[in-house]
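The values are calculated or read from the model by the stated rules, or taken from the named source; none is laboratory data. Note that the coordinates shown come from a computational prediction; the quantities given were computed from them, not determined experimentally. Reconstructed Cβ throughout: ideal geometry from the backbone, glycine too, with neighbour counts over all protein chains shown. To get the accessible areas, we keep the full protein, side chains included, count just its heavy atoms, and leave off ligands, DNA and RNA. Shrake-Rupley method; radii C 1.70, N 1.55, O 1.52, S 1.80 Å.
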Amino acid sequence: MLERGEVANSWRTERWDSLRLLTPNWQSRLPGLRYEGPDPDGYMAVAEVTEFIERFATASRAPVRTGTNVTSVRHADDGYRVTTTRGELACRAVVIASGACNRPSVPHLSESVPAPVEQLTPFDYRDPGKLPDGGVLVVGASATGVQLAAEVQRSGRPVTLSVGEHVRLPRTYRGRDVLWWMDAAGVWDQRYDEVEDLTRARRLPSPQLVGTPERATLDLNALASMGVELVGRWSAVRDGQALFSGGLRNVFSLADLKMRRLLGTFDEWALTNGHDGEVGPAERLAPTRVPESARLQLDLRSGEIRSIVWATGFRPDYGWLDVPVLDAKGQLRHEGGAVDSPGLYALGLPVLRRRRSTFICGIEDDARAVIDHLARYLAGRG
Ligand SMILES: Cc1cc2nc3c(=O)[nH]c(=O)nc-3n(C[C@H](O)[C@H](O)[C@H](O)COP(=O)(O)OP(=O)(O)OC[C@H]3O[C@@H](n4cnc5c(N)ncnc54)[C@H](O)[C@@H]3O)c2cc1C
């Protein structure tokens, strides 16, 4: 196992200070290792996640070579030649487990933002105190965007949040964590070959969730109540003006509709499986409130906005992979983790084999299936 940094490198170096997992502690499980602390319904802070993964590395005696950056993987006669900062390796098979979120995705319009406005990605952001005083434009309203918007607003810097397509979820539903429902109702176990539109499922933004001791819901209504100003999707920069799409009403009603459908699935599951009496009564959540007049443009030269936080998602980095297995969008071509090149495998990607694949609790089943395939491949080659 080759790791360019330390074990749990992404958790040590690429996360902001206040981040907690949005998955509850009981859901943090790795093969043979479960959360056994006093707060199964709580959410781990970054240091706890790092410690949890370190514990797994020790317990599993994983043969990790840290400080070893892979700079190239290419075909060789009998498999692959792997070049690292600590020498070369000849491998019959390679598993790419380098993560789905190696780089922040920032749209090109960032290049047209006037210079005095500071721009950050979630990889640069640590805490709101490091932002300049004054207005902050947070772009993107998925898990990262809503969490950072709330934290920055609380620091006294007025936040404008640019909202595109998003996945709205309450933190708890009928008295249980919404991710308990996902688990119990089998939503997270839906397999990649059962998903109707796999390409879309793999690109779905992360849900608007935060892990806090209060188990609070952090949807757009909650943010608006805190004073965050909501604007539409950022579409262009013209003469120093940020231009936002109209149609927030449609964006909100689509997210509300999808949420209601999902909660309806949970209700149905509880009823059909005899759990209706064990959970709270069915809930109806208020629709997302549409601002009376959302601004369609914002002057980036006026000084109102002093910094921009791009919470527009993450992407993998395969700059080191010299095997032609990427599609036009730079994603690995694979079938349930078997990459489109014999002996090459992947783990830890969105909906790799199941909807839960990119979550910590998703690795066990995926790894077993992928390693089975890999073992058969090696056996087949004698
Ligand atoms: C902001 C954020 C919040 C998240 N919150 C949750 C959550 O609440 N619950 C949850 O279950 N999941 C969460 N996730 C998803 C989480 O990242 C995964 O569950 C898990 O960490 C993925 O593990 P991984 O080993 O596949 O990828 P990573 O943790 O990204 O690990 C990949 C490793 O590969 C190394 N690497 C990359 N390239 C190279 C190279 N060329 N050479 C050598 N080493 C290399 C990296 O240093 C890194 O250590 C979150 C992700 C992000 C970005």
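Below are the figures for this structure:
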item: C-alpha center-to-center spacing [the stretch 259-284, the stretch 89-139] in angstrom; result: 38
item: Angle between the chain longest axis and helix 46-59 axis [Cα atoms, degrees, rounded to 10]; result: 10
item: Fluctuation leader among Cys91, Cys101, Cys361 - the chain, Gaussian network, Cα springs under 10 angstrom; result: Cys91
item: Dipole magnitude (debye, nearest 20) for the stretch 105-314, charges at Cβ of Lys, Arg, Asp, Glu; result: 360
item: For the chain, built as a Gaussian network whose Cα springs stay under 10 Å, the top-fluctuating residue of His334, His108, His75; result: His108
item: Unit charges on C-beta of K, R, D, E only; dipole of the chain, Debye; result: 400
item: Positive-end extreme of charge dipole, the stretch 223-371 - chosen from Leu285, Gly303, Phe252 (charges on Cβ); result: Gly303
item: Span from the the stretch 329-362 Cα centroid across to the the stretch 180-242 one, whole angstrom; result: 21
item: Environment charge at Thr50 (Cβ cut-off 12 Å; Lys +1, Arg +1, Asp -1, Glu -1); result: -2
item: Structure-based [θ]222 nm, the chain - -39500 (n - 2.57) summed over DSSP H runs of at least 4, per residue, nearest 500; result: -7500 deg cm²/dmol
item: Residue of Arg353, Arg249, Arg306 that the Gaussian network model of the chain assigns the largest fluctuation, springs spanning Cα pairs under 10 Å; result: Arg249
item: Rel. contact order, % - alpha carbon contacts under 8 angstrom, at least six apart, the stretch 105-314; result: 37
item: Neighbour cut-off at most 10 other Cβ (10 Å), DSSP loop, GluC sites (Glu not before Pro), the stretch 143-210; result: Glu194, Glu196
item: Carbon and sulfur %, accessible surface of the chain computed with the full protein complex present, 1.4 Å; result: 49
item: Antiparallel content of DSSP bridges confined to the chain, in %, to 5; result: 60
item: Heavy-atom surface of the stretch 112-209, accessible at 1.4 Å and reported per residue (Å²); result: 38
